[in-house]
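Read the structure below first, then the notes.
Each reported figure results from applying straightforward, stated rules to the coordinates on display, with no laboratory input. Being a predicted model, the structure only gives us computed values, none of them experimental. Glycine also receives a Cβ, built like all others from the backbone with ideal geometry; neighbour counts cover every protein chain displayed.
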Amino acid sequence: MRFKWGLRSKLLTLSSLLLLLPWFAYQFVIEMENFLRLGQQQTLLGTTSAVATALHERPSLFNEDDTPLSDFKKGHDLYVYDLKKPILLDGNIEDWAAIKTLNNTYSNATYSDATGETAQHKRGDVSFNQWLGKQGGYLYAYFEVFDPQPVKRESTNSTITDNDHLIIAMSSPQGELQRYIISVAEDGWFNGYRYPQHSIYATNVTREKSIQGIWKSTSQGYNIELRLPLSLLGNKLGFQLNTSSSPNSGNIDNSISTSNLLDINKLGSVLIPSPEIENILLAMSHTRSRLWVVDRQQRVIAKTGDLHQATGTWPSDYYPEENYTADNYSENTYPEDNHSIKSESNSIANNNETAPPSTSVWSKIESFILSPLYDLLLDKPDNTFIDAAKNATQLDYALIDEALTGKAATQWRLNSDQKVSILSAAHPIFINGNVVGVVLAEETNHGILTLRNQALEKMFNVLIAIIFIAGILLFLFISTVVKRIRQLRDQSEHILDNNGRLNGQFNASQHSDEIGDLSRSMADMVKRLGHYHHYVEQLSARLSHELRTPVAVVRSSLENLASLPADDEQQKYIQRSQQGIIRLNKILTSMSEASRIEQSLEQGEKQTIDLKMLINSCLQGYDMIYKQSNFIEDLGDDSLLINADPDFLVQLLDKIIHNAVEFSSDDKAISVRLTKKGSFAVLTIENTGPLLATDQQQDLFQSMVSIRPSSQQHDTHLGLGLYIAKMICDYHQGTLSINNNPQLTGVIVTICFPLLTL
């Protein structure tokens, strides 16, 4: 089926340009997102500047460790994590669940012993996991020892180093090396022993009651959980586990140490997050950014905030509604452990009540159609990303390297699982003009994505509504226009019948637009054309009436003239004149006949007749009139009843048979056949003779059209025969067609009349 490029199609094509509006809106929002990113960078840089301002020129908050960053090693240099919950000294790991994955593992095959030499595997596989944390002014340590043959000291033995024991080495706040030993005879509570000053031998040790803990045997070895005051600890710390495989042997089979415990310069460094700096950061926590403070070695000395909540925007429940008062508005709007971003589009809770969901049609469209579509097209904030740096003890960022040179900087980066973009801003901390640390603030792009998506959704909703409404209005408008044009076309097609005669009146439109003007112009044109057709239709009758009198005068004069004596030459001219008068009289008779039949049809009366009997009687008369022609009839056996005027039907048959005889070959028969097809009686008259041209078939039924061979041009033919036949056929609600027969040997005329239903 061929596509019709109509007005609706053109309008829909032009209306599709409206779809560019969402694209322009999207580009606008993307530009807005870029501005929001720049604004977020400036805001975050301002946050780091504010925090750094609070830390400038405060040397007591920073140590003076100048160890190069490349010399720091995990396990050798220790980091003390901040413990949020109190620790119960019971030898169980449950209290350490918050940092359970942040342990250091040591084995007898990978770490050096107290002398600095590489420890050799001697007897059994011995290793331990270590956790360090601080809470309430104490340093807590937990050791999970894997020892297949643990050995405790004998209760009667005064030597405390011939069995499994733990050595603690640290620098004092004054910078001196202090060493302590943990050695027990049985499970349970213990106190540490202090080595003599500047001695490497555990003789004349003294009890250090401030170092306390629990020794607990397990199926794989034992656990050691202890605490010591932070006031004893400087910036160096190390541990060494010595194990013996056989009691009373006096031999230490395995020695595993975190660093060299005999030289304070080789002792591993320890970094304890500064509570003073953490308090300062806590005061800035309302920024909803994750804040870090690192020293020159890029070690984390303070941290606050959660990256999953650092969206860069305020939560929707932060802003009070207008009906909130100072009494019922709480400033604490941040849950401490909430890793889901609150949608900025959620309604603000009023008195802890949730507004009932809207049941409007537009709300349902948004919920079931638009929202799922937006979820597919827009990048939604994914808060399930992995925060790889959540418990980092050291930040190796190029951004921090730049800040350590004294320049503030910002940077966007993707996290490890490519689910979120993270904005980082770093600002140096100065003491006496030197950079001693860096403040680092981090936020995700979730807030910007949320704001962008909200703007796009609201804008798209409005644009979709506008496009939808505009599309419907345009479609209705163009449908109205198309309907009026089609009505105009239908009137134009039906105002003329198949014979080119006016059929009814043309109804002009009353609209004042261009289509209305066209309709009124066509109505006026049809009116004037009707006047002209009426004049043409009456012309033949008028001519026939007006010409009969002079024709009669000429005829009578010729008859009188013929009665007078005349020579042969005069008689010849008189005869020619009489023949011309006869032909002229025939023309007038034919012209008046068409008018008479047309008037008779308006007053005709139909009756039930048997078409078979009527045709049979007519054919008997044709045999006598056209003796030179042979008629072959096949009228069937059944009677076919129709509602018709028999006189008009006889005239119809006369015209058709007369044409068939004139165009038929002399030695060929004329076939007349009557059949029944459905609810119609079908009469076919076929003759063998000249064929019709394909472009002449419809013109034959027009008035004053005659197509005859040159041999017959001397006869009087006005082309009214088939015109009258078609007129009679239409009067009986029948159809008349003339075509070349399938064998292309002649012409076949087909007439169909509707049968009476009994």
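In order along region 634-646, the Karplus-derived 3J(HN,Hα) couplings, from 6.51 cos²θ - 1.76 cosθ + 1.60 at θ = phi - 60°, round to 9, 9, x, 9, 9, 7, 10, 8, 9, 9, 7, 9, x Hz, and Gly and Pro are given as x.
Each residue of region 146-160 is assigned a 3J(HN,Hα), and the resulting list reads 10, 9, x, 9, x, 10, 9, 7, 5, 5, 8, 8, 7, 7, 10 Hz, derived from the Karplus form 6.51 cos²θ - 1.76 cosθ + 1.60 (θ = phi - 60°), x at Gly and Pro. Listed peptides 622-634, 48-60 appear in the order 48-60, 622-634 once ranked by packing, highest mean of other Cβ atoms within 10 Å at the front.
Rounded, prolate or oblate for region 73-268? Axes are the square roots of the Cα gyration tensor eigenvalues, ordered a ≥ b ≥ c, and the cut-off for rounded is a/c under 1.5. Judged from the Cα gyration tensor, region 73-268 comes out rounded (a/c under 1.5). At an R0 of 56 angstrom, the distance between the Cβ atoms of Ser557 and Ala693 translates into a FRET efficiency of 0.80.
The label-point distance for Thr203 and Gln628, in a model that sets each label 7 Å from Cα toward Cβ, rounds to 16.5 nm. Shown for Leu502, Leu529, Leu226, Leu744: other C-beta atoms within 10 Å of each C-beta, ranked fewest to most, produce the order Leu744, Leu529, Leu502, Leu226. Using the Cβ-Cβ distance between Ser371 and Gln42 with R0 set to 30 Å, the FRET efficiency works out to roughly 0.35.
Here each label is just a point 7 Å from Cα along the line to Cβ, and for Thr735 and Arg583 those points are 3.9 nm apart.
The length gained on full extension between Gln149 and His658, counted as 0.36 nm times the residue separation minus their Cα-Cα distance, comes to 169.7 nm. With 29 Å as the limit on Cα-Cα distance, the pairs of Lys216/Lys390; Lys100/Lys303; Lys134/Lys407; Lys10/Lys527; Lys100/Lys152 that go past it are Lys216/Lys390; Lys134/Lys407; Lys10/Lys527.
At an R0 of 30 angstrom, the distance between the Cβ atoms of Lys419 and Lys84 translates into a FRET efficiency of 0.65. Annotation: lysines with alpha-carbon distance below 25 angstrom to Lys606 (same-chain offsets under eight excluded): Lys655, Lys676, Lys677, Lys726. Taking the charge dipole of region 73-268 about its Cα centre, with +1 at Lys and Arg Cβ atoms and -1 at Asp and Glu Cβ atoms, the residue from Ser255, Trp131, Gly234 reaching farthest to the positive side is Gly234. As a proxy for reagent exposure, Asp263, Asp387 were ordered by neighbouring Cβ count within 10 angstrom, fewest first; the result is Asp263, Asp387.
Please list the non-local residues whose amide H lies under 5 Å from the amide H of Asn254, H modeled 1.01 Å from N, same-chain partners needing a gap of 5 or more. Under 5 Å from the amide H of Asn254: Thr243.
Derived scalar couplings between HN and Hα for region 396-404 equal 9, 10, 4, 4, 5, 4, 5, 5, 5 Hz in order, rounded to whole Hz, by the Karplus curve 6.51 cos²θ - 1.76 cosθ + 1.60 (θ = phi - 60°), x for Gly and Pro. The fewest-to-most ranking of Phe239, Phe24 by surrounding Cβ atoms within 10 Å reads Phe24, Phe239. Fully extending the segment from Arg520 to Asp667 would add 47.0 nm, taking 0.36 nm per residue of separation and subtracting the current Cα-Cα distance.
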